[in-house]
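Read through the structure below, which is laid out as structure tokens, and then see the notes.
The values are calculated or read from the model by the stated rules, or taken from the named source; none is laboratory data. Everything numeric here is computed off the predicted structure, so don't read it as measured data. Reconstructed Cβ throughout: ideal geometry from the backbone, glycine too, with neighbour counts over all protein chains shown. Remember, those area values only see protein heavy atoms, side chains included, never the ligands or the DNA or RNA. Shrake-Rupley method; radii C 1.70, N 1.55, O 1.52, S 1.80 Å.
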Amino acid sequence: MILDFKEIPKANTGNGDQDTFELFARDFLEILGYEIIQQPDRGADGKKDLIVQESRHGISGITNIKWLVSCKHHAHSGKSVSDGDEPNILDRISVHECDGFLGFYSTLPATSLGKNFDGLKKKTNIDSFDRERIEKIMLESPEGIRLASRYFPVSFEKYKIENPKPAKIFSDDNSIHCEYCNDDLLKDKKGIFVTMRRMSDPEAKEYKKEPYIKAYYSCKGKCDAILKGRYMQDEMLIDEWTDITDFLSPTTYIKKLMAWMNSFQKEKEEMSDEAFDKLKYLFLHSYPYISREQTTEEKEKVKFYLQNGLMDWL
Ligand SMILES: [Zn+2]
């Protein structure tokens, strides 16, 4: 489980506070398109249950189903919801003039309750959300994600760090395409950046590296071989390549940036405008991926670099 349902406080113990888990159920069901008919409340006139309405669009028109929602927040004890926790389901539906019963649970329904539900399904509408179904739905949509960050601030923040998404920095579609097959190399994370230059003259008095004259983005393997052939049509060039994924992690990104800057200033490397534009494009378009906190795996990598004296590139 990614979301820790214990972050939602235990059900109200009589101090008059609103039951947070019921409010969460209300907000969650609202995102799914249920209309809130009766708010959960613990007013002076006693406890009011949450009632929601679902509108099903069919061939013969719209069918409205009023659901009585039963919230059970057992996450703190970890106990499943048993049939004893949900007595007299049919009576409760009829007292509240509803058309169905919807269980909303922060743990799992026990086998006994599942069997009970199966039996009742022949007589009425029965549905239930348990922690797994709730979590899956929440992480699938932007509205769900917003809700997760509100009700599960600690566990959701942890999840976000370990599953980084590129930051929205540029308004246009952020991609780097393989110049042969057009696959998005930022999405597939299998691409390479290839730079090419002429061979140095072995006879020259002073050894000097030739400028980079060509550069391209490519998938590894077949696409690379084809592109190499294309770029070397007129003359023999030597090529160097680097994984594009190295540009997508904060530490290796800065390492690449420093290496290129050092190569221009200290080693007096030169580059054609065409190749330089592609290098700039690569740094620009991988930037949204690295303007974030590091994942645990990335932090471990840096620790390894530090312990082994491999951080001398700055
Ligand atoms: Zn390709």
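The rows are residues; the columns are (1) within 26 Å of Ile161 (Cα to Cα); (2) in contact (Cβ under 8 Å) with a residue 40 or more places away in the chain.
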position: Leu185; (1), (2): yes, yes
position: Ile226; (1), (2): no, yes
position: Asp239; (1), (2): no, yes
position: Thr242; (1), (2): yes, yes
position: Lys280; (1), (2): no, no
position: His285; (1), (2): yes, yes
position: Ile290; (1), (2): yes, yes
Within the range 271-278, can one find any residue that is surrounded by 15 or more Cβ atoms within 10 Å (Cβ to Cβ) and more than 25 Å from Tyr207 (Cα to Cα)?
-> yes
Just for the range 12-30: of the residues that are surrounded by 15 or more Cβ atoms within 10 Å (Cβ to Cβ) and either at pLDDT below 95 or basic (Lys, Arg) (or both), which one is nearest to Ser70 (Cα to Cα)?
-> Glu22
Given (1) assigned to a strand (DSSP E or B); (2) in contact with a Lys or Arg (Cβ under 9 Å, 6 or more places away or on another chain); (3) within 28 Å of Tyr151 (Cα to Cα), where does Lys66 come up short, assuming only one miss?
-> (2)
Selection over the range 118-157 where residues are of a type outside the set (Asp, Glu) and either in a helix (DSSP H, G or I) or not assigned by TED's automatic domain parsing to the domain that holds Val69 (or both) yields a count of 21
Go through (1) aromatic (Phe, Trp, Tyr); (2) modelled with pLDDT of 95 or more; (3) touching a Ser or Thr at 6+ places or on another chain (Cβ under 8 Å) and name the single condition Phe276 misses.
-> (3)
Those residues that are open to solvent by 30 Å² or more (accessible area, probe 1.4 Å) and within 17 Å of Val52 (Cβ to Cβ), I need them from the range 95-122; list them, please.
-> Val95, His96, Glu97, Asp99
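Yes/no per residue for (1) within 19 Å of the chain's Cα centre (by Cα); (2) open to solvent by less than 80 Å² (accessible area, probe 1.4 Å):
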{"residue": "Glu143", "(1), (2)": "yes, no"}
{"residue": "Ser149", "(1), (2)": "yes, yes"}
{"residue": "Lys165", "(1), (2)": "yes, no"}
{"residue": "Asn174", "(1), (2)": "yes, yes"}
{"residue": "Cys181", "(1), (2)": "no, yes"}
{"residue": "Lys189", "(1), (2)": "yes, no"}
{"residue": "Arg197", "(1), (2)": "no, yes"}
{"residue": "Pro202", "(1), (2)": "no, no"}
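Listed here are the residues, each with its yes/no results for (1) small (Gly, Ala, Ser); (2) within 16 Å of the ligand (Cβ to nearest atom); (3) at negative phi.
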| position | (1), (2), (3) |
| --- | --- |
| Ser155 | yes, no, yes |
| Ile161 | no, no, yes |
| Lys165 | no, no, yes |
| Lys168 | no, no, yes |
| Ser175 | yes, yes, yes |
| Cys181 | no, yes, yes |
| Leu185 | no, yes, yes |
| Thr195 | no, no, yes |
Every residue from the range 204-236 that is surrounded by 11 or more Cβ atoms within 10 Å (Cβ to Cβ), more than 14 Å from the ligand (Cβ to nearest atom) and aliphatic (A, V, I, L, M) = Ile213, Ala215, Met232
